[in-house]
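Each remark here refers to the structure printed beneath this line.
The values are calculated or read from the model by the stated rules, or taken from the named source; none is laboratory data. These figures come from a predicted structure and were not determined experimentally. As a convention, Cβ positions derive from the backbone with ideal geometry for all residues, glycine included, and neighbour counts pool all protein chains shown. Ligands, DNA and RNA are stripped out before the accessible areas are found, and what is left, the full protein with its side chains, is counted by its heavy atoms. Shrake-Rupley method; radii C 1.70, N 1.55, O 1.52, S 1.80 Å.
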Amino acid sequence: MTAFASLPTPAILIDRGKLEANIGAMQQWCTTHGVELRPHIKTHKMVEVARRQLAAGAAGLTCAKLGEAEAMLPSGVRSLFVAHSLVDPPQAPRIAALHDALADLRVAVTSEAHAAALSAVAAKTGRKLAVMMAVDTGLGREGVRDLAAARRLAAQLARSPQLELRGFYTHEGHFYGVPRTEQATRARALIGQICAVRDAIDPGLPVWPGCSVSARLIAEQSAGRVQAVRPGAYMFGDLYLTEVTDVMAKEDVAVHVLATVVDKPEPGLALIDAGSKTFASDRTADNIHARAADGRDLAVVRVNEEHGFVRGTATDSLQLGERIAFIPAHICPVINLTDEVTVIEGGRITATWRVEARGKTR
Ligand SMILES: Cc1ncc(COP(=O)(O)O)c(C=O)c1O
């Protein structure tokens, strides 16, 4: 890390080689299995990363919020899915502008009540909106809970002059709690669950499941039944993907938080200059906020706003001023807390990228 001795910390480092390798590997996997890749940009929020995903062959992008979608337009994206329950009529002009800027804009429809609210928004856009029906497959968040509800929602959409059903999606965030040994079986069951809904309503429509834990397994077992997956964190990696779910190797993680040891107030404890305003507050089930990337036994076990509490057997050999690269527990909120990231290649700093959709929660 000597090349970074003068870099102000905390800093978010992106290893460009690893990033491009992760983007390429997921794309190749999806292409091999005949499934489109529509990455969720909520993790990276950067045009530079979206451009690389599209150049590698992504069929489109997924966003949570309109602000994210707007921020991604300079990437050249033509097909974009806003996977959130839009209900606000004042957002209509922004939706209309996105609709006109893109070849294919889709938005989520997440319940019968939501379809009514979305119809009113769509009416104000003066455009017919393409919608993807959310199916709850176990997370218990948005989406129809059973086939009867899906049929009722489909019938409601068929009567709507404003909304057109164009497919189905699910977010299986609960896969972060599925042990490695059960992931493949659960992915097969999930394909069956969402395809049963699709087949009962319109077998010609696409289904788009697939988060970073499940995307490869779903693509692999799709056998033509699934048309796209939408993972978000896969090209960066974090402790959730390496330690908790074990779907990624630590060596492949492409983003690190570089922090400086600022004090050692007692034996066995070091303080670093990165706390919850850098790592956010997410933790692994073992209450770890971050771990040293170089394999030393150094874990961030507690965070205050500007301090990280580091414990582990390697703590006592740390020097004040020493810089440590950490893998955070959950990368998505880390990126949302930074204006820019430092790009490294072969141990050298080669660029700074802006996080254009940082804070775009509206
Ligand atoms: C609707 C939706 N799709 C896709 C994703 C991507 O999930 P992951 O970052 O686990 O790949 C998320 C994550 O929250 C999501 O909410």
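Here are the numbers for the structure shown:
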{"quantity": "Long-range tail of P(r) for the stretch 210-334 (Cα pairs > 23 Å, %)", "calculated": "35 percent"}
{"quantity": "Potential lengthening between ALA285 and ALA21 on full extension [0.36 nm per residue; Cα-Cα distance subtracted]", "calculated": "92.2 nm"}
{"quantity": "Cα-centred dipole magnitude for the stretch 25-144, charges only on beta-carbon of K, R (+1) and D, E (-1), debye, nearest 20", "calculated": "220 debye"}
{"quantity": "Sulfur and carbon atoms: percent of accessible area, the chain [1.4 Å]", "calculated": "50 percent"}
{"quantity": "Axial C-alpha extent at least 15 Å, average Kyte-Doolittle at least 0.5 - helices from the chain (DSSP)", "calculated": "112-125"}
{"quantity": "Total formal charge among the other residues, if their Cβ is under 10 angstrom from that of LEU86, Lys/Arg +1 and Asp/Glu -1", "calculated": "+1"}
{"quantity": "Peptides 149-159, 207-217, 187-197 ordered by average Cβ neighbours within 10 Å, highest first", "calculated": "207-217, 187-197, 149-159"}
{"quantity": "Values of log10 I(q)/I(0), in the order q = 0.07, 0.10, 0.16 Å⁻¹, for the stretch 17-236 under a Debye, Cα-only, solvent-free model", "calculated": "-0.20, -0.41, -1.07"}
{"quantity": "Solvent-accessible area per residue, Å², over the chain with all protein chains present [probe radius 1.4 Å]", "calculated": "40 Å²"}
{"quantity": "Nearest-20 debye value, the chain charge dipole, Cβ charges on Lys, Arg, Asp, Glu", "calculated": "1140 debye"}
{"quantity": "FRET E, pair ALA148, LYS128, Förster distance 30 Å, beta-carbon r, rounded to 0.05", "calculated": "0.70"}
{"quantity": "Proximal lysines relative to LYS277, as straight alpha-carbon distance under 30 Å, when same-chain residues fewer than 8 apart are discounted", "calculated": "LYS18, LYS42, LYS45, LYS65, LYS250, LYS264, LYS360"}
{"quantity": "Label-zone membership for the stretch 264-305, site ASP316, 7 angstrom Cα→C-beta point, backbone N under 17 Å", "calculated": "264-271, 297-299"}
{"quantity": "Residues of the stretch 23-43 with amide N under 20 Å of a point placed 7 Å along Cα→Cβ from ALA55", "calculated": "23-31, 37-43"}
{"quantity": "Pairwise label distance in nanometres, ILE349 with ALA158, each label 7 Å out on the Cα-Cβ vector", "calculated": "6.1 nm"}
{"quantity": "Cα gyration tensor shape for the stretch 1-99, rounded if a/c is under 1.5, else prolate or oblate", "calculated": "oblate"}
{"quantity": "Contour minus Cα-Cα distance for ASP100 and THR32 (0.36 nm per residue)", "calculated": "21.2 nm"}
{"quantity": "Largest-first ordering by accessible area, 1.4 Å probe, given options ASP273, ASP297", "calculated": "ASP297, ASP273"}
{"quantity": "Centre separation in Å (Cα based) which lies between the stretch 243-262 and the stretch 84-106", "calculated": "36 Å"}
{"quantity": "Pairwise centroid distance, computed over Cα atoms, of the stretch 135-170 with the stretch 178-197, Å", "calculated": "20 Å"}
{"quantity": "Residue (of LEU86, THR242, HIS44) at the positive-pole extreme of the chain, dipole from beta-carbon charges", "calculated": "LEU86"}
{"quantity": "Surface accessible to a 1.4 Å probe, LYS277 within the full protein complex, Å²", "calculated": "100 Å²"}
{"quantity": "Computed lengthening from ASP339 to ALA196, 0.36 nm per intervening residue step minus Cα-Cα distance", "calculated": "47.2 nm"}
{"quantity": "Distant-in-sequence amide H partners of LEU129 (H built 1.01 Å from N, under 5 Å)", "calculated": "LEU163, GLU164"}
{"quantity": "Kirkwood hydrodynamic radius over Cα pairs of the stretch 84-161, then Stokes diffusion coefficient at 10 °C and 1.306 mPa s, in µm²/s", "calculated": "123 µm²/s"}
